[in-house]
Every structure is written in C-alpha cells, then in structure tokens.
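Any read-out appearing in this document is the output of simple, stated calculations on the displayed coordinates, not a laboratory observation. This structure is a prediction, so every number in the text was calculated from the model and none was measured. When we count neighbours, we look across all protein chains shown, and the Cβ atoms used for this are built from the backbone with ideal geometry, even at glycine.
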Amino acid sequence: MADRLTPDQRRLNMSRVRAKDTAPEWTVRRLLFSRGFRYQLHRKDLPGKPDIVLPRFRAAVFVHGCFWHGHACTLFRMPATRTEFWSEKMAANRQRDAKAIALLDELGWRSLWIWECVLKGRGRLPESELAEQVKAFLYSDAAFAEITENRIFPTAEEIL
Ligand SMILES: [Zn+2]
C-alpha cells in the first residue's frame, strides 16, 4: 500500500510516538522479548503506570529518563536557566516514583527501575550485562531494585 503521509505528517507522527514509546524503552522491550520474557505495556490500572509489566513475575518495570527524574549520573545536567522550576519538577517526579513503589508493593507488585544512563552514554551497560541484572531481579523476591549506569569514568563532581 502506498504511503499516504507527507514527510511533514510523518515527522509529526513519529514525534508523537516517541513521547510514549521512547528509544530506551524499546531497547528494554527488545531485550526482554528476545530472551523469551512476555510482558504487557502501559498498564494504566497500576500505580505509576509502569512502562512494562511482567505478570508472571509480578514485576513492574519503569524506564526512567535521567533528566526528568533528576538522576545524579553522567547523563544529567541541570539546566542553567529556571533552575528552581526544574529542580522542583524533578523532586515532584521523584516523590511520585517513590509513592508508586509503595503502592505497587501494597498490591503485591515488585518494582524495577532501569535508568536511561544504563542504555546510552558513556556509562551504558553491555546489553548482556543489563539482561543479567534484569533476570537477577525477576528471579529474586526483592520488592524493589534499580539498575544504574556503569560508572567507569568519574563525574566532574567526583574528581573535584
Ligand atoms: Zn542516569
């Protein structure tokens, strides 16, 4: 079938898709699927609307953007302007994240955070390593775990 979208319409479509289905999230899905894990997406009925849910493991997976959640990592840079606005926004997101873990726990769901810096940038993990860490969580009975960047290089703040 012929492509009836103009390039401009296509770009608009793609940018809309990206808002929900981010590239880091795709990487995690592909990794899970290729290893035989089956999942559900964007379960709105669960606290915090987890990005990926593995019912068999009672596990809710959140792929966190390091900027939006104010992650102290090599990807994160606080904007030079409107700093107060941004830091309040990040603090609110972090509060929501913490609350979601508690609410999910009450419902018998376990939470896994996978930070964006695991998937891109100089602190990213090899995919096989990430897969090992995800598997370790799934087969554990931990209520919560987070997978964060591999800090091979110290950040400027750590050097100073
Ligand atoms: Zn990060």
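What does the highest-first list of 92-105, 47-60 look like by mean Cβ count within 10 Å?
Numbers: 92-105: 15.1, 47-60: 18.9.
Result, highest mean Cβ count within 10 Å first: 47-60, 92-105.
Rounded if a/c is under 1.5, else prolate if a/b beats b/c, else oblate: with a ≥ b ≥ c from the C-alpha gyration tensor eigenvalues square-rooted, which is the range 38-159?
Values: a/c = 2.39, a/b = 1.32, b/c = 1.81.
It comes out oblate by the Cα gyration axes.
Within 10 Å, count the other beta carbons around each residue, average over each peptide in 128-140, 63-75, and list them highest first. Present the calculation step by step, with values, prior to reporting the outcome.
Details: 128-140: 15.0, 63-75: 18.5.
Result, highest mean Cβ count within 10 Å first: 63-75, 128-140.
Can you list residues whose amide H is under 5 Å from Arg110's amide H, if they're 5+ apart or on another chain and H is modeled 1.01 Å from N?
Close amide H contacts, sequence-distant or interchain: Ala59, Ala60.
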